[in-house]
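First comes the structure, then the notes that go with it.
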Amino acid sequence: MKNIIGLLLLLFLACGQDRNDIEPLARVFDKHLYLHQIPIFESDFSEDSLLYINNFINEWAMQNLLIYKAEFNFKKDPFYIDSLVNVYRESLLIHYYKQALIQTYLDTVIHDSLIANYHISNIDNFKLKENIIKLNYIKIRNVAPNLDYVQSKYHSIDSEGIEELKNYCLQFAERFFLEDSSWVSWSDFVKQIPHENNPMKSIEHKIIKKNQKFELEDNNYKYFIFIKDFRLKGTPSPLEYVSSIIRKILINKRKKDILHSVEDKLIEEAIINNNFEIYE
């Protein structure tokens, strides 16, 4: 097969024949595959080109054999496939029409006050499924310069001092997290400390305290950890931790409201114009 395909390809490239004049490459029942039907590939004649064409032919053959078998098996009930095609077509039309409506009418601006009000009104739906913490975290090589500076600053609550520490970490830290308002799940945090005898794993089952400091070390790194705040599993989630989720909920609610409004208007207009009625 490779030799035949290679010969045809050489003839096509060398002679510049019209693609429609070339002999078919393959046949499945009464369907034929020609070279011009194969998506364009690099014109250099290589083993890769032959492999590409050969794979395409096999896939084309399999697809047409399956179609033939499917048509044969369903020829006693051709309306079944036609009905499925119609259902799929109608579903696509409705889907894309709804998407067009949403793009036209959806207001994606969600004010913080709306998010806060939704959080308060639905606080029981936002219970924490795991412990979360606010922290300062720095992973740095134990040969980095001025580690005494890091040791004196990583538990700072002074914003100016934290900014200076960030600048230092950008140069020397392997990884760091120094954000005031962000909450982190305990399980995600513990994964950042690949320590053989990681004490953080056992701490979770005890009382987590604010302003706890931990300094760990292995053969290559030092880990500076300062727990600024925490919330325990089963308690209400802080607004900052779920604000993005609430934003998505409110956006989805607006989408549903748009579609419900359009559907109600469609029914109303159809009744008024005598295009829809229910027979008694």
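Where a number appears in this text, it was derived from the coordinates with a stated rule and is not lab data. The structure presented is a predicted model; accordingly, all values stated were derived computationally and were not measured. Here Cβ is always computed from backbone atoms with ideal geometry, including for glycine, and neighbour counts include all displayed protein chains.
Table for the structure above
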quantity	calculated
Compactness index (Cα Rg / 2.2 N^0.38 Å), segment 128-189	1.19
Test item: Cα-centred dipole of segment 39-192, Lys/Arg +1 and Asp/Glu -1 on Cβ, debye	580 debye
Cα pair distances exceeding 17 angstrom across segment 129-231, given as percent	49 percent
Computed label-point distance, nm, for sites THR104 and ARG27 using a 7 Å Cα→Cβ extension	5.3 nm
Whole-Å distance, taken between Cα centres, linking segment 120-176 and segment 47-100	55 Å
Table column - 3J(HN,Hα) (Hz), segment 155-167, Karplus curve with 6.51, -1.76, 1.60, x for Gly and Pro	9, 6, 10, 7, 4, 5, x, 5, 4, 5, 5, 4, 4
Förster radius 35 Å - calculated FRET efficiency between SER185 and VAL87 (Cβ-Cβ, nearest 0.05)	0.20
Hits among lysines - C-alpha to C-alpha of LYS98 under 28 Å, sequence gap 8 or more where chains match	LYS248, LYS253, LYS255, LYS256, LYS265
Cα-based equivalent ellipsoid of segment 211-280: semi-axis lengths in Å, sorted from largest, via gyration tensor	59, 13, 9
Note, ³J(HN,Hα) from phi for segment 88-98, Karplus 6.51, -1.76, 1.60, rounded to Hz, x at Gly and Pro	5, 4, 5, 5, 5, 4, 5, 4, 6, 5, 4
Computed Rg/Rh of segment 75-183, alpha carbon atoms with Kirkwood Rh	1.35
Near-label residues of segment 111-145 by backbone N, under 11 Å of a point 7 Å along Cα→Cβ of LYS228	134-137
Proxy reagent accessibility, fewest Cβ within 10 Å first, across PHE29, PHE189	PHE29, PHE189
